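Below is one structure, written out as structure tokens; the observations come after it.
The values are calculated or read from the model by the stated rules, or taken from the named source; none is laboratory data. Worth saying up front: this structure is predicted, and the values here are computed from it rather than measured. Cβ: placed from backbone, ideal geometry, glycine included. Neighbour counts: every protein chain shown.
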């Protein structure tokens with residue numbers, strides 16, 4: 001934070017480690033955007049929703065920011081411009097953000113019939129932080145309609161001032177001790193397809209009973225996240241095999257991990273790290289049971305406090321390197337973009353994230369039918385996968401800018417063959 005104060009508030013804020021990356025790779029055709037939606041049981045009243053947004057947003061100053069381009073780095077400054085304004089939903093969600101448009105807002109709110117949606121630029125916050133804002137907004141919206149929702153299950157009191165801890169850079173706080181910066185990871189099978197015209201995001205959602213998923217995962221002795229990760233790896237391995245390449249490449253996924261469970265923090269900013277489960281079919285064929293076992297043991301071995309701390313310590317030290325600090329942003333952005341391509345795109349076949357369950361106070365439950373999550377486009381025409389649950393419904397979403405539907409089709413067919421009922425919805429027109 002700057003020592004300079006304006007009306008008792010910092011005049012500017014440093015971006016956290018993840019924010020530095022996402023702002024640097026931002027371009028006209030790509031933004032790191034994601035969306036959460038709540039499908040309500042009653043038609044949304046946009047005027048009431050706007051009142052709820054106006055009441056909720058001041059409680060979350062970390063989301064009330066605009067991003068500015070400095071000589072050496074991007075930075076945040078408080079955004080006092082009108083907005084953000086509730087808007088009717090659009091056919092293609094997670095459109096790229098443009099820092100100079102929409103009064104500089106990096107958060108968007110949409111409604112359509114019974115659906116309320118929030119979209120956030122990843123430089124502002126991760127999914128865990130955004131879900132605190134979204135849950136609080138839904139609580140305020142229902143209060144405006146006369147429902148007495150208590151401040152529990154992660155809902156913040158909008159009448160209380162924000163806590164300093166919610167704005168902390170948790171990466172910098174815990175970046176101590178040994179750093180871990182290994183060499184470049186090998187290239188994975190890219191799972192890319194034919195690109196759609198700009199800007200078309202194809203979204204396919206599957207809805208599966210949580211109790212059925214839990215029972216199926218238990219049969220394999222794993223968690224739901226481990227089971228779904230294995231299913232996704234399996235269908236991508238099979239897809240590559242059908243293409244008959246001269247030599248099959250490893251199939252790897254980026255799995256974001258919420259670090260708050262290992263490093264206590266109330267931050268509502270980014271605080272995640274990715275792990276990379278991988279299957280290398282060039283070593284031989286794998287049964288699904290073997291893939292499940294590989295995923296289970298890999299995640300249990302690599303998700304530990306010491307290793308994760310060493311990894312993000314290395315990331316923090318890279319962005320705070322004195323030599324890098326004095327490189328102008330015009331030169332820094334291309335190098336950061338290349339670094340992301342080599343370290344954040346090339347080693348992966350896709351992303352799978354599971355924010356988990358969405359618990360709410362008892363009085364809110366009858367008003368929400370289900371929750372949905374969408375990861376925005378990748379830098380390549382390939383799909384990302386995300387899932388979250390509410391009650392007994394697990395939403396699994398594939399989203400991407402490619403024409404082909406192989407990955408999502410094979411994924412849901414696999415679940416059906418496993419005996420799990422799946423209901424599918426899509427915004428595809430053909």
Quick check: is even one residue across the range 367-380 exposed (fewer than 14 other Cβ atoms within 10 Å of the Cβ) and in contact (Cβ under 8 Å) with a residue 24 or more places away in the chain?
no
**Asked** What do you reckon, is residue 38 surrounded by 18 or more Cβ atoms within 10 Å (Cβ to Cβ) and out of contact with any helix residue (DSSP H, G or I) (no Cβ under 7 Å at 6 or more places or on another chain)?
**Response** no
- Does residue 52 count as part of a helix (DSSP H, G or I) and touching a helix residue (DSSP H, G or I) at 6+ places or on another chain (Cβ under 6 Å)? yes
In the range 236-274, anything under 18 Å from the mean Cα position of the chain (by Cα) and in a strand (DSSP E or B) is listed as 252, 253, 254, 255, 256, 257, 258, 272, 273, 274
Within the range 315-338, identify whether any single residue is over 20 Å from residue 184 (Cβ atoms), in contact with a strand residue (DSSP E or B) (Cβ under 9 Å, 6 or more places away or on another chain), free of Cβ contacts under 8 Å to residues at least 60 places away in the same chain and surrounded by fewer than 20 Cβ atoms within 10 Å (Cβ to Cβ), and answer yes or no.
no
Those residues of the range 31-85 which are without any contact (Cβ under 8 Å) to a residue 60 or more places away in the chain and either farther than 24 Å from residue 159 by Cα or over 24 Å from the mean Cα position of the chain (by Cα) (or both) amount to 47, 50, 54, 67, 68, 80, 81, 82
If we take the range 119-235, then helices (runs of 4 or more DSSP H) inside it with 2 or more residues that are within 29 Å of residue 281 (Cβ to Cβ) and in contact (Cβ under 8 Å) with a residue 12 or more places away in the chain are 210-219
### Task
Might you let me know whether the range 63-73 holds any residue that is under 28 Å from residue 370 (Cβ atoms) and in contact with a strand residue (DSSP E or B) (Cβ under 9 Å, 6 or more places away or on another chain)?
yes
Residues of the range 289-306 being under 22 Å from the mean Cα position of the chain (by Cα) and over 19 Å from residue 224 (Cβ atoms), in sequence order, are 304, 305
Among residues of the range 315-355 being in contact with a helix residue (DSSP H, G or I) (Cβ under 9 Å, 6 or more places away or on another chain) and modelled with pLDDT of 95 or more, the residue nearest to residue 138 (Cα to Cα) is 355
Taking the range 126-156 and keeping only residues that are under 17 Å from residue 270 (Cα atoms) and touching a strand residue (DSSP E or B) at 6+ places or on another chain (Cβ under 9 Å), one is left with 126, 127, 128, 129, 130, 131, 133, 134
Taking the range 388-411 and the residues there that are over 23 Å from residue 199 (Cα atoms) and crowded, with 21+ Cβ neighbours inside 10 Å, the one that is farthest from the chain's Cα centre (by Cα) would be 411
Per the filter on the range 156-214, residues under 20 Å from the mean Cα position of the chain (by Cα) and over 30 Å from residue 408 (Cβ atoms) are 166, 167, 168, 169, 170, 171
Taking the range 68-79 and keeping only residues that are modelled with pLDDT of 95 or more and either under 22 Å from residue 367 (Cα atoms) or not in a strand (DSSP E or B) (or both), one is left with 79
Looking across the range 295-312 at residues that are without any contact (Cβ under 8 Å) to a residue 60 or more places away in the chain and within 14 Å of residue 261 (Cα to Cα), the single one that is surrounded by the most Cβ atoms within 10 Å (Cβ to Cβ) is 308
